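To start, the structure under review is shown below, and the notes come after it.
The values are calculated or read from the model by the stated rules, or taken from the named source; none is laboratory data. Source: prediction; values computed, not measured. Backbone-built Cβ (ideal geometry, glycine too); neighbour counts: all protein chains shown. The area values use the complete protein model at the heavy-atom level, side chains included, leaving out ligands, DNA and RNA. Shrake-Rupley method; radii C 1.70, N 1.55, O 1.52, S 1.80 Å.
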Amino acid sequence: MRLKIALLSGDGIGPEVVSQAVKCLRSVGETFGHSFTFTSAPVGAEAIKIDGNPLPDATIKNCRDSDAILFGAIGALEYDNDPNARVRPEQGLLKLRKELDLFANIRPVKVFHILIPGSPLKENIIKGTDFVIFRELTSGIYFSEKKLSEDGTHASDLCEYSEWEISRIAHMAFKAAKKRKKKLTLVDKANVLETSRLWRRVVMGIAKSYPEVQLECLFVDKAAIEMILNPSQFDVILTDNMFGDILNDQASVLLGSTGILPSASIGTDNAMFEPVHGSFPQAKGKNIANPVASILSVALLLQHFGMEDESNAVVSAVLKSFNKKVVTSDIMGSSKYGTNYVGDYIADNIVDSDDNLSINDENVWLGKSTII
Ligand code: IPM
Ligand code: MN
């Protein structure tokens with residue numbers, strides 16, 4: 001297979017972790033006989049430095065001309081500390097999602113044994129956790145009308161959804177649930193919000209086409225509690241943009257390290273893959289960032305294009321690095337391995353071998369999961 005991949009490394013540790021992901025893709029290319037070509041384009045604070053625009057038109061064009069995007073991270077301290085900044089790196093990411101219509105954000109949350117001691121939850125609670133969050137990404141309160149009165153004393157953010165916006169991501173989520181544990185939890189606030197009632201009506205209607213999938217509806221406040229008390233009850237969680245933003249982050253800390261979680265943002269014509277963690281500016285250039293989230297984003301990318309063996313080979317190589325304790329210090333405080341070494345180790349261990357698929361049962365975590 002030939003794929004053109006746009007690298008939007010962005011800010012902070014973004015470039016360091018994306019470099020490790022690229023090493024792994026090159027290794028997959030050589031091992032399995034695929035041709036991956038790469039182009040780079042600026043986004044975020046890096047792009048603002050060049051011409052004041054967090055998402056230059058040339059970057060959007062580059063993304064449109066590519067088959068997939070590998071994204072690093074955006075954000076820089078100078079903007080975080082200045083609430084009055086008119087141009088912000090985050091605007092680049094939001095615009096990119098909207099321009100490319102990346103309407104479904106997908107995050108697998110599966111526990112790895114090596115991380116259990118670092119989890120804020122007790123082992124018997126976190127054990128067996130394996131769910132996927134489908135967050136709607138291009139609509140709702142993020143993108144509906146915003147107003148600020150002229151005197152600056154009154155503001156509003158509208159939250160709008162249409163049936164088709166709900167239905168297209170709902171179908172994706174149901175299809176994923178069908179391949180997994182066959183349970184879908186719709187998270188909303190239907191006791192208060194009209195948009196949530198629309199979500200319920202639409203999703204309940206669609207559920208009839210997926211009789212094998214059990215649908216459950218949960219208010220978001222209750223869902224937040226359940227995710228802490230009993231995370232292993234979930235299989236596929238479907239939710240809107242705002243609730244998804246919050247639950248995604250809550251889910252990401254359950255596992256004991258945000259440094260390992262990948263995500264995919266899928267549209268009809270484009271797909272972007274990125275680590276869940278942010279730009280961590282304090283770690284920039286220090287060779288301490290964990291490259292695994294970015295590398296597992298590569299596994300999601302490969303799976304998205306139907307390359308299951310290739311995707312499993314990447315996951316297996318990551319699991320080998322865990323088993324051999326070749327990890328960065330966020331996972332094991334005493335570790336002396338840096339970003340580059342871990343990246344090299346994982347890339348070097350990507351092999352095309354059936355034996356490789358039986359390292360342990362964790363390696364099917366992506367195979368079972370999400371991407372349609
Ligand atoms: C995320 C981030 C973004 C969001 C920010 C950076 C705009 O928090 O990807 O979850 O809120 O969607
Ligand atoms: Mn967020």
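Among rounded, prolate and oblate, which fits segment 1-157 when a ≥ b ≥ c are the square roots of the eigenvalues of its C-alpha gyration tensor, a/c under 1.5 means rounded, and a/b larger than b/c means prolate?
Numbers: a/c = 1.87, a/b = 1.19, b/c = 1.57.
Verdict is oblate for segment 1-157.
Restricted to Cα positions, what overall size does the chain have along the principal axes? Three whole-Å values, descending.
For the chain, the Cα spread along each principal axis is 55, 52, 40 Å.
Work through the residues other than Lys222 whose Cβ is under 13 Å from its Cβ and net out their charges, Lys, Arg +1 and Asp, Glu -1.
Values: positive: Lys189; negative: Asp188, Glu216, Asp221, Glu226.
Around Lys222, the surrounding residues sum to -3.
Treat each spin label as a single point 7 Å out from the Cα along the C-beta direction, and report the Lys4 to Leu77 distance in nm.
3.9
Considering amide H positions built from the backbone, and no H for Pro or chain starts, which residues 5 or more places from Lys183, or on another chain, come under 5 Å of its amide H?
The answer is Gln214, Val236.
Once whole DSSP H runs in the chain are found, which of them have Cα atoms spread over 15 Å or more along the helix axis and a mean Kyte-Doolittle score of at least -0.5?
Values: long enough: 14-32 (27 Å, 0.22); 89-99 (16 Å, -1.22); 163-179 (24 Å, -0.42); 194-207 (20 Å, 0.04); 241-254 (20 Å, 0.29); 292-304 (18 Å, 1.80); 308-323 (22 Å, -0.06).
For the chain, where a helix must reach 15 Å along its axis and average at least -0.5, the hits are 14-32, 163-179, 194-207, 241-254, 292-304, 308-323.
Collect residues whose amide H, placed 1.01 Å from N in the peptide plane, falls under 5 Å from the amide H of Ile133; neighbours closer than 5 in sequence don't count.
Under 5 Å from the amide H of Ile133: Arg107, Val109, Ile237.
Before I look further, what does the chain give for accessible area per residue, probe 1.4 Å, in whole square angstrom?
Result: 42 Å² per residue.
Out of the total accessible area of segment 130-253 (probe 1.4 Å, heavy atoms of protein only), what percent is carbon and sulfur? Show your work: numbers first, answer last.
Numbers: 3270 of 5740 Å².
It is 57 percent, rounded to a whole number.
Evaluate segment 130-253: find the radius of gyration of its Cα atoms, find its Kirkwood radius, and give the ratio Rg to Rh.
Details: Rg = 15.2 Å, Rh = 15.0 Å.
Ratio value, two decimals: 1.01.
Between Asp151 and Ala207, what length comes free when the chain is fully extended (0.36 nm per residue of separation minus the Cα-Cα distance, one decimal in nm)? Numbers along the way, then the final one.
On the way: separation 56, 0.36 × 56 = 20.16 nm, distance 4.72 nm.
Additional length available on full extension: 15.4 nm.
Could you compute the FRET efficiency for Lys127 and Ser329, with r as their C-beta to C-beta distance and R0 at 22 Å, rounded to 0.05? Write out the running numbers ahead of the final one.
Numbers: r = 25 Å, r/R0 = 1.12.
In this case the efficiency is close to 0.35.
Whenever you get a sec, line up Trp199, Trp164 from highest to lowest accessible area (probe 1.4 Å, protein heavy atoms).
Working: Trp199 5, Trp164 150 Å².
Highest to lowest solvent-accessible surface, that is Trp164, Trp199.
From the protein chains alone at 1.4 Å, what is the descending order of accessible area for His171, His34, largest first? Don't jump to the answer; show the numbers that get you there.
On the way: His171 60, His34 35 Å².
I get His171, His34, largest accessible area first.
Are any of the pairs Lys286/Lys336; Lys98/Lys208; Lys127/Lys320; Lys61/Lys98 more than 22 Å apart by Cα-Cα distance, and if so, which?
The pairs that break the limit, which is 22 Å between Cα atoms, are Lys98/Lys208.
Okay, helix-only estimate at 222 nm for the chain: each DSSP H run of n ≥ 4 adds -39500 (n - 2.57), divide by all residues, round to 500 deg cm²/dmol; what do you get?
Taken over the chain, the calculation gives -12000 deg cm²/dmol.
Read phi for every residue in segment 266-279 and hand back ³J(HN,Hα) as whole Hz from Karplus 6.51 cos²θ - 1.76 cosθ + 1.60, θ = phi - 60°, with x for Gly and Pro.
Couplings: 10, x, 6, 10, 9, 8, 10, 10, 7, x, 6, 6, x, 7 Hz.
If you average the sequence gap of Cα pairs under 8 Å that are 6 or more apart and divide by the length of the chain, what percent do you get for the contact order? Don't skip to the answer; put the middle values down first.
Working: 805 pairs, mean separation 82.8, N = 372.
With pairs under 8 Å counted, the relative contact order is 22 percent.
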